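K.L.:
Handing you this structure, nothing more for now.
The values are calculated or read from the model by the stated rules, or taken from the named source; none is laboratory data. For clarity, every value in this text was computed on a predicted model and none was experimentally measured. In this analysis, Cβ positions are derived from the backbone assuming ideal geometry, glycine residues included, and neighbour counts consider all displayed protein chains. These accessible areas exclude ligands, DNA and RNA; they are computed on the full protein's heavy atoms, side chains included. Shrake-Rupley method; radii C 1.70, N 1.55, O 1.52, S 1.80 Å.
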Amino acid sequence: MPLICAAVLSLACIGIAQIKFTEDVFELLPQNEPAVAEGRLVLARFRTLERIIISLKADEQVKLLSAIDNTAAELRNAPGIRSVVSRLNDHAMEDIAQAYDGKLPMLFDAPMQRAVEQRLTAEEFQLRLQRFADRQAGAEGITVDSAKFRRDPFAMDEMLLRRFERLNAGFNVQLIGGRLVSKDGLHGLIIAEAEFPALNTGRGIDLIAGVDRVLAGLPPGVSGVAIGGHRSSVDNALVLRNDIQWTILTSVLGVLAIFILAYRSLTPIIATLLSVGVGFGAALGVQGWTVGALSAITAGFSAALLGISVDYTVHLVTAMGGEAAATKPQRVRDALRHVALPTALAMVTTVVAMATLWFSRFDGLKQLAAIATIGVTVAFVFAFTVGAQFLAKVGPRPKANLLVNVVRGAGRLRERARVPILVGALIVTLGLGYGLSRVQIDGDVRHLDGSSRAAREAEADVNRVYGGNALTRTLVVSRGDDLEGALRANDLAAREIDKLGVTRFEGLSWVLPARDTQRENIARWRRFWTNERVAALKEAMLKARANSAGKELTFTAAKCDAFFADFFARLSPDTPDGALIDPTELRQRPLWDLLRNYASEADGGVYVATTAELAPELTPLLRAGAPSAMMLNKTAFAGVIVGFVQRDLIVLGGLSLALVVFLLWLTFGEIGAIAAALTPVGGSLIWTLGLMGLLGIQFNIINTLVTVFIAGLGIDYGIFVVQIYREAPDAATARERMASAGGGIAAAAITTLFGFGSLAIASHPALFSVGITTTIGITSSLILALFVTPSLVARGGGK
């Protein structure tokens with residue numbers, strides 16, 4: 001057996017060496033689901049949702065503008081930063097004016113038409129004329145060029161230039177000296193892009209530390225914060241690291257204490273670790289030989305689920321300690337006769353339950369099914385073969401087991417108060433069953449974010465200052481074989497967004513539509529300027545009056561004629577194709593720096609992005625109107641994933657229960673025995689869900705999966721108890737064997753509580769949710785297995 005074990009482990013090690021571990025969360029998700037494939041592609045082409053947002057605040061605007069420039073310069077030299085956007089440089093500003101002079105007709109889309117119609121009213125012209133008069137007279141401390149006003153009294157050029165503010169990535173800002181400044185003028189934005197994705201927390205820690213050092217050096221009167229995906233990932237990584245260190249220390253010390261108090265020997269720990277280690281190693285080895293790739297996250301969850309296999313050695317060691325034979329080999333053989341069958345039944349039901357994960361939509365759960373089933377099976381075989389040989393050589397001597405004595409005392413209490421205990425358990429179950437109606441599933445993954453309080457407050461402040469939904473916008477990506485094709489697809493998507501009544505969206509459609517779209521805009525411009533509209537506008541302009549330093553200021557007929565002559569000369573509706581905005585030509589100009597973040601080339605195609613403040617209910621409508629566009633909204637995407645989880649829980653939970661009941665029927669053949677065996681798992685799920693519902697503890701995508709773990713342990717406990725009673729020749733023997741078996745169940749449950757329940761002291765919300773769910777579930781299973789199941793077996797005709 002040792003030689004066979006060594007050969008298996010050698011092959012496993014070779015297989016493990018071939019595994020390529022991945023950290024991409026998308027590897028865990030359903031790869032054949034369009035939403036997942038789309039989201040993965042969108043994030044691969046555009047990391048707009050992973051920007052590093054630096055917000056500066058100053059007590060004076062002059063200080064703010066200077067700090068924006070200096071901070072941006074330092075960030076550009078910081079390691080890990082690919083690019084920094086803090087302002088439109090002077091060359092770009094001048095370039096916009098030159099490149100877009102006379103291009104208004106090419107941009108005359110539906111939103112532009114509505115904006116122009118609002119300006120071409122008698123009231124609007126009266127207001128602008130009076131404002132010009134006030135400025136001309138110095139009433140506002142400004143002297144305005146008369147020729148400039150006569151040339152563009154409706155500020156059409158300003159309207160065109162303001163379209164470039166639509167490239168602000170969703171933030172409600174104004175341009176001051178080309179810088180992105182809040183409406184109050186005292187907050188400024190710097191947007192940085194890292195060289196690596198936010199999930200790379202190894203490099204992310206150094207990156208965020210460098211950004212924080214830059215912000216720490218801001219001058220007096222200026223402060224700054226940095227938020228975004230990288231900050232969140234780093235905060236989560238640091239919190240997780242600290243939590244895991246403490247929980248590992250707590251669990252190790254707790255498990256050591258239990259083994260020393262219960263068995264007064266370290267040998268059981270060695271045997272247990274060997275069993276779990278061989279099982280996990282064999283599972284990884286098979287994965288390496290057959291697949292070659294594995295998600296690191298799946299490997300972590302697999303190691304957690306393989307904690308179930310700890311129970312096999314624990315039961316064997318506990319039973320061995322209760323045997324009276326003189327030699328260790330004989331005690332091991334006697335223990336095997338008592339625990340091998342119930343443990344084998346528990347293992348088979350666990351493997352069957354785990355195998356149902358193969359039918360999940362999630363690729364990560366399919367990986368988990370393979371590793372858990374192989375690992376649990378190998379761990380069981382090892383525990384009762386090589387592990388038994390090991391215990392026969394160096395196993396502990398027969399000693400009084402603290403847990404066995406405690407369970408024996410609990411058994412006496414159960415015998416004396418059997419009916420009150422059953423009635424009490426029923427009352428508790430019914431009472432907690434009421435809490436089932438109050439169970440809630442929290443689909444917002446942001447509530448699992450372990451970011452620091454300072455980071456959450458900073459994000460809330462950025463949302464408040466720059467627009468409430470700037471950080472949670474929908475990313476819409478259009479593809480084309482070339483830039484022109486991608487721009488056209490992007491224009492069509494933007495057109496659908498506008499039809500849905502969405503006013504806040506950003507992208508190239510505002511300033512760089514495709515050639516076909518420009519031709520359509522020119523046609524709209526031509527239709528817009530009818531003779532009737534021009535005549536009505538002239539009449540409104542002639543009637544307008546303004547008071548300038550006591551003098552009446554008017555727009556004469558000659559000035560009106562001159563204005564329209566110049567206006568249509570510059571903005572002719574008969575523009576030939578040669579004057580269209582040419583994206584190829586723009587790519588050679590300074591202003592392309594403003595546009596490049598919205599275009600990406602990959603896989604032989606071009607992708608163009610638009611960000612929109614899109615309500616979740618509008619997403620299906622946009623998909624119907626722009627079926628070729630790809631979309632990603634983090635909140636909506638999380639909702640889709642939660643829907644998949646809920647479906648898996650119903651389908652896989654039902655399938656698992658059906659298979660387990662079928663196996664129990666084949667084994668026991670009695671409804672009473674089956675019901676007794678299922679009591680710990682069924683009761684613990686009701687107690688766990690009900691108590692969490694009453695306490696207001698919500699389920700999430702993480703702790704929902706923990707219920708599978710709880711169910712697996714509950715079934716093991718129930719089967720073990722029922723089989724012990726069925727094999728005992730009489731009631732006295734059944735009670736004595738139950739004391740020994742119950743000690744093993746208690747030891748297994750307590751080690752699990754120390755291993756996973758210790759997560760309840762974690763500060764990270766995801767780990768805490770796992771810890772509290774496991775603590776309630778395992779404690780419930782243990783109570784029901786020791787106090788309720790034996791009574792049910794006895795009343796059903798057992799010993």
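K.L.:
Beyond 22 Å, what share of the Cα-Cα pairs of region 489-576 is found? Please give it as a whole percent.
P.N.:
51 percent
K.L.:
Counting every Cα pair in region 694-793, what percent are over 25 Å apart?
P.N.:
Tail of the P(r) past 25 Å holds 28 percent of the pairs.
K.L.:
I've got another one for you. Could you name the lysines in cross-link range of LYS103, using Cα to Cα under 19 Å and dropping any fewer than eight places away on the same chain?
P.N.:
LYS148
K.L.:
Moving on to the next point. Angle check, please: helix 418-434 long axis (alpha carbons) against the longest principal axis of the chain (alpha carbons), in degrees 0 to 90, nearest 10.
P.N.:
10 degrees
K.L.:
May I ask for the angle, rounded to the nearest 10°, between helix 703-727 and the longest principal axis of the chain, with both axes built from Cα atoms and the value confined to 0 to 90°?
P.N.:
Between helix and principal axis, roughly 10 degrees.
K.L.:
Apply the Debye scattering formula to the chain, with a single equal point scatterer on each alpha-carbon and no solvent, then give log10 I(q)/I(0) at q = 0.08, 0.09, 0.10, 0.11 Å⁻¹.
P.N.:
-0.80, -0.92, -1.04, -1.18
K.L.:
Still on this structure, please answer the following. For LEU186 and ARG504, what does the FRET efficiency come to when R0 = 22 Å and r is the distance between their Cβ atoms, rounded to the nearest 0.05?
P.N.:
Here the calculated transfer efficiency is 0.45.
K.L.:
Treating each Cα of region 95-252 as an identical point scatterer and ignoring solvent, apply the Debye formula and state log10 I(q)/I(0) at q = 0.15, 0.16 Å⁻¹.
P.N.:
For the requested q values the scattering log ratios are -1.00, -1.07.
K.L.:
Whole number in Å², please: accessible area per residue of the chain, 1.4 Å probe, ligands, DNA and RNA not counted.
P.N.:
43 Å²
K.L.:
Suppose the chain between ALA454 and THR250 were pulled fully straight at 0.36 nm per residue; how much longer would it get relative to their current alpha carbon spacing?
P.N.:
70.6 nm
K.L.:
Under a crude label model (7 Å from the Cα following the beta-carbon direction), how far is ARG333 from GLU727 in nanometres?
P.N.:
For the pair ARG333/GLU727, the computed spacing is 1.6 nm.
K.L.:
Now, a different point. For region 616-746, what number results from the quotient of the Cα radius of gyration and 2.2 N^0.38 Å?
P.N.:
This ratio for region 616-746 stands at 1.55.
K.L.:
To the nearest 10 degrees, how steeply does helix 90-99 sit against the main Cα axis of the chain, on a 0 to 90 scale?
P.N.:
Once rounded, the angle reads 60 degrees.
K.L.:
Pulled fully out, how much extra length does the chain show between LYS148 and ILE671, if you take 0.36 nm times their separation in residues and subtract their Cα-Cα distance?
P.N.:
So the extension gain works out to 178.9 nm.
K.L.:
Mind giving me the nanometre distance, one decimal, between the label points for GLU94 and GLU585, set 7 Å out from Cα along Cα→Cβ?
P.N.:
1.9 nm
K.L.:
How much of the accessible area of region 198-299, in percent, comes from carbon and sulfur atoms when a 1.4 Å probe is used?
P.N.:
71 percent
K.L.:
If you stretched the chain out fully between ASN242 and GLU33, how much longer would it get, using 0.36 nm times the residue separation minus the C-alpha to C-alpha distance? Mind dumping the intermediate values first?
P.N.:
Numbers: separation 209, 0.36 × 209 = 75.24 nm, distance 3.55 nm.
This chain segment gains 71.7 nm when fully extended.
K.L.:
Now a separate question. Taking R0 as 22 Å, what FRET efficiency do you get between ALA110 and ASP593 from their Cβ-Cβ distance, rounded to the nearest 0.05?
P.N.:
The pair ALA110/ASP593 has a calculated efficiency of 0.20.
K.L.:
Would you please give the FRET efficiency between GLU601 and ASP561, computed as 1/(1 + (r/R0)^6) with r the Cβ-Cβ distance and R0 = 60 Å, to the nearest 0.05?
P.N.:
For GLU601 and ASP561, the calculated efficiency is 0.75.
K.L.:
Ok, one more. Can you tell me the Rg and the Dmax, both Å, for the Cα atoms in region 671-713?
P.N.:
According to the Cα coordinates of region 671-713, Rg and Dmax are 12.0, 35 Å.
K.L.:
Can you check what the Kirkwood hydrodynamic radius comes to for region 618-685, Cα pairs only, in Å to one decimal? Don't jump to the answer; show the numbers that get you there.
P.N.:
Details: mean 1/r = 0.0644 Å⁻¹.
Kirkwood radius, region 618-685: 15.5 Å.
K.L.:
At q = 0.22, 0.24, 0.30 Å⁻¹, work out log10 I(q)/I(0) for region 234-278 with the Debye formula, treating every Cα as an identical point scatterer and leaving solvent out; two decimals please.
P.N.:
Results for region 234-278 at q = 0.22, 0.24, 0.30 Å⁻¹ read -0.77, -0.82, -0.98.
K.L.:
By accessible area of protein heavy atoms, probe 1.4 Å, what ranking do PHE699, PHE21 get, highest first?
P.N.:
The most accessible residue leads, giving PHE21, PHE699.
K.L.:
Show me the three semi-axes of the equivalent ellipsoid for region 238-385, from the C-alpha gyration tensor (sqrt of 5 times each eigenvalue), largest first, rounded to whole Å.
P.N.:
Each semi-axis is the square root of five times an eigenvalue, giving 29, 21, 12 Å.
K.L.:
Suppose each label sits 7 Å from its Cα in the direction of the beta carbon; what would the ALA155-ALA122 distance come out to in nanometres?
P.N.:
2.2 nm
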